[in-house]
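Single-structure report; data block below.
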Amino acid sequence: MTKQHHAQWSSRLTFILAAVGSSVGLGNIWKFPYMTGESGGGAFVLIYLLCILLVGIPILMSEWLLGRIGQRNPISTMSSLTTRLKRSPAWVLIGVFGILGAYLILSFYSVIGGWALAYIQLGAVNTFTGLESEAIGALFSDMLASPLQLLLWHSLFMILTIGVVLGGVTGGLERATKTLMPTLVVLLIVLVGYAATSGAFAEGVSYLFTPDFSKLSSDGVLAAMGHAFFTLSLGMGIMIAYGSYLPKHVNIGRSAIIVVLMDTAIALMAGLAIFPVVFANDLSPSSGPGLIFQTLPLAFGHMPGGWFFGLLFFVLLVFAAWTSAISLLEPIVEWFEEKTPLSRVGATLVAGGATWALGIATVLSFNVWADVAPLGIFAKFEGMTIFALLDYFTSKLILPLTGLATVIFVGWRMSREEVRENLNMGEMAFNLWRFAARFIAPLGVVAVFIVSL
Ligand code: PHE
Ligand code: NA
């Protein structure tokens, strides 16, 4: 059973807000800085930006376009398109892998969202004021050491996410996004301003923007590309689903530029806020997933009004993570609803429950199972915890492969006219776009895979 054509977004703004809500999240503020630090800085950032521009934008536009043409969820969209265009039904795997990717990602995303919740609580009781880096580091490691604490915060984050999907109140969230995203941007500017006074601003800036390719491993190149997919919510069918709500008159290219600029600006500001603090306090840029939790509280603990800014920051971070998490849960729920006799409520509880359960493996990856490396017999996966593996298989494999298939389908298996008509761009811009979709983006992804082998 496929769902029939549904109501479209009331306006372009609503659509953009939903897309920004999905794309801006932990990927920008938590993951981008720590991956940059693990991969040596500027060269990683440069490759990441190139991937956003040359691979991310064409694929984002392809996903929206497929959704707008197909008017259904990703799996039904792909099956109706392949039937109409007489293409292999194997393309439907784009939708299937998208849902698998969303499930795996949400399981660990929620655990990190839980960390942010824990830091709202710490911020609220004014924990950071006056603390030095050692004490701030201890707060973080104490939290990680307690499976029970992590489990409780992860559960709370999942409940918040399930609650919204159950209640179907995403409209209210989009309205909130309109105020809270700009507030987040202003707060990041304040943080960058504080970083500018930290004494190591120049060092931080040069770390981010001076590419030193000797520091970038081939795995770092793959990480940069994978993160371009992660941060834009690509390769999961989410943007295909959103595209199905996109009115005909809305310009896909212009919308893509707005969403991508917003997402990229927020990631770069997070980097500019964090690295000067890292260098000013002799911390290690490569300390991993804890990076923002070990640096930003240090800034809040020392800046004027730090209690207020710290609390506000973690509230906004949770909000951004929450809107992304909802966009991850939606497609899993839809899939359960369609493939099983479950009602909407049942599907939401089962999908949410299954994601919560898998999240426990990530919770344990930071303590009890910190030394468990399930694929450790392979040199490539040596020492990788379950959390690290989930991240690896989604960002570095599933998302890029699904995205690659998407852009090949749009570039090579659909007629030029149909794509042209839906993108309504000028002739020259369209030709440029089509060249990117047919050659640059697919070859870019393939080249990165080859380099990293
Ligand atoms: N793009 C989100 C972020 O950057 C994460 C996400 C990934 C959301 C995939 C939906 C799908 O945090
Ligand atoms: Na993002």
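No value in this document is a laboratory result; all are computed from the given coordinates. Owing to the predicted nature of the structure, the values given are computational and were not obtained by experimental measurement. As a convention, Cβ positions derive from the backbone with ideal geometry for all residues, glycine included, and neighbour counts pool all protein chains shown.
Sites counted here are GluC sites (Glu not before Pro) in a DSSP loop (not H, G, I, E or B) having no more than 14 other Cβ atoms within 10 Å; the longest part of the chain that contains none of them is 133-381.
Longest stretch of the chain clear of exposed loop sites (trypsin sites (Lys or Arg not before Pro), DSSP loop, at most 13 other Cβ atoms within 10 Å, sites excluded): 249-453.
As a ratio to 2.2 N^0.38 Å, the alpha-carbon radius of gyration for segment 12-452 is 0.94.
Within a straight-line Cα-Cα reach of under 28 Å, K248 can be paired with the following lysines, leaving aside sequence neighbours fewer than 8 residues apart in one chain: K3, K86, K178.
Multiplying each eigenvalue of the alpha-carbon gyration tensor of segment 118-251 by 5 and taking the square root yields semi-axes of 31, 26, 19 Å, largest first, rounded to whole angstroms. Put a plus charge on the Cβ of each Lys and Arg, a minus charge on the Cβ of each Asp and Glu, and nothing anywhere else: the dipole of segment 12-452 about its Cα centre is then about 1600 debye.
For I189 and E338, the difference between the fully extended length at 0.36 nm per residue and the C-alpha to C-alpha distance is 49.2 nm. For the chain, hydrophobic long helices are taken as DSSP H runs at least 24 Å long by C-alpha position along their axis with mean Kyte-Doolittle hydropathy of -1.0 or more; these are 93-124, 147-167, 170-196, 252-280, 306-339, 344-365.
Of V24, V250, V372, the sequence from fewest to most neighbouring Cβ atoms within 10 angstrom is V372, V250, V24.
Based on the reciprocal of the average 1/r between different C-alpha atoms, the Kirkwood radius for segment 313-429 equals 18.1 Å. Segment T83..I450, full-extension length gain: 128.8 nm, with 0.36 nm per residue of separation and the alpha-carbon distance subtracted. Other residues with beta-carbon under 13 Å from the beta-carbon of L13 carry, at +1 per Lys or Arg and -1 per Asp or Glu, a net charge of +3.
Of all lysines in the structure, the ones whose alpha carbon falls short of 18 Å from that of K31, not counting any fewer than 8 places away in one chain, are K396. Dipole check for segment 294-453: with +1 at the C-beta of Lys and Arg, -1 at the C-beta of Asp and Glu, and the Cα centre as origin, the magnitude is about 280 Debye.
Other residues with beta-carbon under 11 Å from the beta-carbon of P247 carry, at +1 per Lys or Arg and -1 per Asp or Glu, a net charge of +3.
The Cα center of segment 331-408 and the Cα center of segment 82-150 differ in position by 11 Å.
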